[in-house]
Amino acid sequence: MLIVSRKPMTPSRLYDRNFAIILAIQTSFVLTSTLMAHYARWIDFLGGSLGQVGWIMGAGTILSLFLRPRIGQWIDRLGARRIWVAGYGLFAIGCVGNLLLVDLHPTIYLLRVCLMVGTALIFSSLLTYLTQIVPSDRRTEAIGIIGVGGHIGMLLGPLLGDLLLSAEPARGNFVVLFLAAGGGCAVPALLVCILRPLPGQGSGSAVGLASFLRTAREHWPGMILLVNFAFGFCMTVPFVFLVSYVDQVPLRIQGTSIIGLFFWCYAGWGMTLRIVLRRVPDRLGRRKVLLAGMLFMSVGMFSFQLVDAAHPWMIVVPALLAGTGHGLMFHTMTSLTLGLFPDAVRGTGSALALMTCDLGTLAGAPILGQIADAHGFSWMFSAAALFCLVVAGVYGCSSIPVWQERRRTRFATASGGNAP
């Protein structure tokens, strides 16, 4: 009689020195980059309108969007760490370059492009490197915990920016803001240099749009990309228009920064959820967690309408609800998007995931800006909420297992090969 003994399964190792360095990199950069959550105030200081805020913030993503395919291929070809460091350099140029502006000159569009492309290089490289070094069965957890570093940065960055700009707007305050944001890139850039190199980093793969499209089609992740788009669309509310809303209503609480309060609740609660529920997506199902996050995000967008000059403390409600949505959505949708891309083309997968977020921002900033200009902030919040809710319904239906199988069959028949 043959007796087969089984060793108890042990979880794959995730947390080590290298992972801790990545967490520190993410925290320090998000702290730096969220100082730019006040960029709308800079545009206003230079004489721009709310509509121009939307166009400048949205137009800044256009070149980033067009470069996303090449960014992914550069990462696959040259390795994530090199492109990562280049991203910090470009972001710093985009920050410090604003010191040359004395009015609303067209150069501001170029500087916004530097900020967006630099951010694209940084986050695409981070996602690629991270998902190449972590165990595949804990990928969602890894992205979520690294996201905790981002939430820590969000707790501090907007508050520091608000403290710098809380007095009567003055050029000197903006000078300090941009110097802090540009100089702050040095720390994460140095930390990237001490990360463990990956064996065979850089594949020598072809770089070009045709190659990107071929790889994307071969590993097409499906309707999850629409969710990425909706996420980027909704993110324009807290990261582009919130400061304009606070200033125009106006919202004031004696001795308290409204922007700081919002992001402390938004990021603090989102960070708590990520830690407490870090294993839930892999155990309960990433799709279920993602759909729950989309519902919270929709309700959070609607709940901004509870906030007015008479009830400024109500800002806590959308902060907690939208923070819950963010805390449940980003790592689950990113993991679902990257799951079908092998390591050799993971940079292309990261670029595709973040490109669709950029598309959402590109569409959201001018559209929501024009809605706010023409009809008021209430309509803007409702538009963002309804769009997220509709996308949740579309994705929920399309991701039902029976429909997924039909899609795979159709894809395999059309391509004459294996479905993703």
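Does segment 36-59 contain at least one residue that is under 18 Å from the mean Cα position of the chain (by Cα) and β-branched (Val, Ile, Thr)?
no
State the number of residues belonging to segment 327-345 that are small (Gly, Ala, Ser) and under 22 Å from Ser211 (Cβ atoms).
Taking segment 327-345 and keeping what is small (Gly, Ala, Ser), we get 327, 335, 339, 344.
The next check asks that each one be under 22 Å from Ser211 (Cβ atoms); those that pass are 339, 344.
Residues meeting the conditions: 2.
Scan segment 327-334 and give yes if some residue there is open to solvent by 10 Å² or more (accessible area, probe 1.4 Å), in contact (Cβ under 8 Å) with a residue 24 or more places away in the chain, among the hydroxyl-bearing types (Ser, Thr, Tyr) and part of a helix (DSSP H, G or I), otherwise no.
Within segment 327-334, none of the residues are open to solvent by 10 Å² or more (accessible area, probe 1.4 Å), in contact (Cβ under 8 Å) with a residue 24 or more places away in the chain, among the hydroxyl-bearing types (Ser, Thr, Tyr) and part of a helix (DSSP H, G or I).
Being open to solvent by less than 10 Å² (accessible area, probe 1.4 Å) and in contact with a Leu (Cβ under 7 Å, 6 or more places away or on another chain) is the filter here, so list the residues in segment 308-326 that pass it.
Within segment 308-326, just Ile315 meets the criteria.
If we keep just the residues of segment 219-250 that are in a helix (DSSP H, G or I) and under 15 Å from Asp162 (Cβ atoms), which is most open to solvent (accessible area, probe 1.4 Å)?
Taking the candidates together, the pick is Asp247.
Take the residues of segment 117-149 that are open to solvent by 10 Å² or more (accessible area, probe 1.4 Å) and among the polar types (S, T, N, Q): which is farthest from Gly72 (Cα to Cα)?
Top of the filtered list is Ser136.
Output the residue which, of all residues in segment 251-270 that are in a helix (DSSP H, G or I) and aliphatic (A, V, I, L, M), is farthest from His311 (Cα to Cα).
Ranking the candidates gives Ala267 first.
Residues in segment 263-279 that are aliphatic (A, V, I, L, M) and surrounded by fewer than 19 Cβ atoms within 10 Å (Cβ to Cβ): how many?
Within segment 263-279, the first condition is being aliphatic (A, V, I, L, M), and the residues that meet it are 267, 271, 273, 275-277.
Now restrict to residues that are surrounded by fewer than 19 Cβ atoms within 10 Å (Cβ to Cβ): 275-277.
Residues that pass the stated criteria total 3.
Return the residue satisfying two criteria in turn: it lies in segment 143-197 and is hydrophobic (A, V, I, L, M, F, W, C) and in a loop (DSSP other than H, G, I, E, B), and of such residues it is nearest to Gly268 (Cα to Cα).
Cys185
Would you tally the residues in segment 14-37 being within 23 Å of Gly172 (Cβ to Cβ) and surrounded by fewer than 23 Cβ atoms within 10 Å (Cβ to Cβ)?
Filtering segment 14-37 for residues within 23 Å of Gly172 (Cβ to Cβ) gives 31-37.
Of the ones still in play, those that are also surrounded by fewer than 23 Cβ atoms within 10 Å (Cβ to Cβ) are 37.
Of the residues in segment 14-37, 1 are within 23 Å of Gly172 (Cβ to Cβ) and surrounded by fewer than 23 Cβ atoms within 10 Å (Cβ to Cβ).
Residue by residue, here is whether (1) basic (Lys, Arg); (2) under 15 Å from the mean Cα position of the chain (by Cα); (3) modelled with pLDDT of 85 or more holds:
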{"site": "Thr128", "(1), (2), (3)": "no, yes, yes"}
{"site": "Val134", "(1), (2), (3)": "no, no, no"}
{"site": "Met154", "(1), (2), (3)": "no, yes, no"}
{"site": "Ala170", "(1), (2), (3)": "no, no, no"}
{"site": "Leu177", "(1), (2), (3)": "no, no, yes"}
{"site": "Ala181", "(1), (2), (3)": "no, no, yes"}
{"site": "Ala186", "(1), (2), (3)": "no, no, yes"}
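Give all pairs with beta carbons closer than 6 Å in which a residue from segment 37-58 that is outside any helix (DSSP H, G or I) meets a residue that is open to solvent by 50 Å² or more (accessible area, probe 1.4 Å) and at pLDDT 80 or above; count only pairs at least 6 apart in sequence or on separate chains.
Leu46/Asp103; Leu46/Leu104; Gly47/Leu104; Gly48/Leu104
Going through segment 64-107 one residue at a time, which ones are of a type in the set (Phe, Trp, Tyr) and open to solvent by less than 10 Å² (accessible area, probe 1.4 Å)?
Residues satisfying the conditions are Trp84, Tyr88, Phe91.
Out of all the residues in segment 50-63, is one or more crowded, with 21+ Cβ neighbours inside 10 Å, touching a Lys or Arg at 6+ places or on another chain (Cβ under 6 Å) and at pLDDT below 80?
yes
Being hydrophobic (A, V, I, L, M, F, W, C), open to solvent by 50 Å² or more (accessible area, probe 1.4 Å) and touching a residue at least 40 places away in the same chain (Cβ under 8 Å) is the filter here; which residues of segment 285-307 pass it?
Within segment 285-307, the first condition is being hydrophobic (A, V, I, L, M, F, W, C), and the residues that meet it are 289-292, 294-297, 299, 301-302, 304, 306-307.
After this cut, where a residue has to be open to solvent by 50 Å² or more (accessible area, probe 1.4 Å) as well, the list is 295-296, 299, 302, 306.
Leu295, Val299, Phe302 - these are the residues of segment 285-307 that are hydrophobic (A, V, I, L, M, F, W, C), open to solvent by 50 Å² or more (accessible area, probe 1.4 Å) and touching a residue at least 40 places away in the same chain (Cβ under 8 Å).
Taking the condition of being within 17 Å of the chain's Cα centre (by Cα), within 16 Å of Thr334 (Cβ to Cβ) and not hydrophobic (A, V, I, L, M, F, W, C), how many residues in segment 260-316 meet it?
3
Can you tell me how many residues in segment 187-197 are in contact (Cβ under 8 Å) with a residue 12 or more places away in the chain and open to solvent by 50 Å² or more (accessible area, probe 1.4 Å)?
Here the count works out to 5.
Of the residues Thr324, Thr334, Thr356, Thr348, only one is over 13 Å from the mean Cα position of the chain (by Cα) and under 30 Å from Ala59 (Cβ atoms); which?
Residue meeting the stated conditions: Thr348.
The values are calculated or read from the model by the stated rules, or taken from the named source; none is laboratory data. Bear in mind the structure is a predicted one, so any value in this text is a computation, not a measurement. Cβ atoms come from the backbone with ideal geometry, glycine included; neighbour counts cover every protein chain shown. Accessible surface is based on the protein model in full, side chains and every heavy atom, while ligands, DNA and RNA are left aside. Shrake-Rupley method; radii C 1.70, N 1.55, O 1.52, S 1.80 Å.
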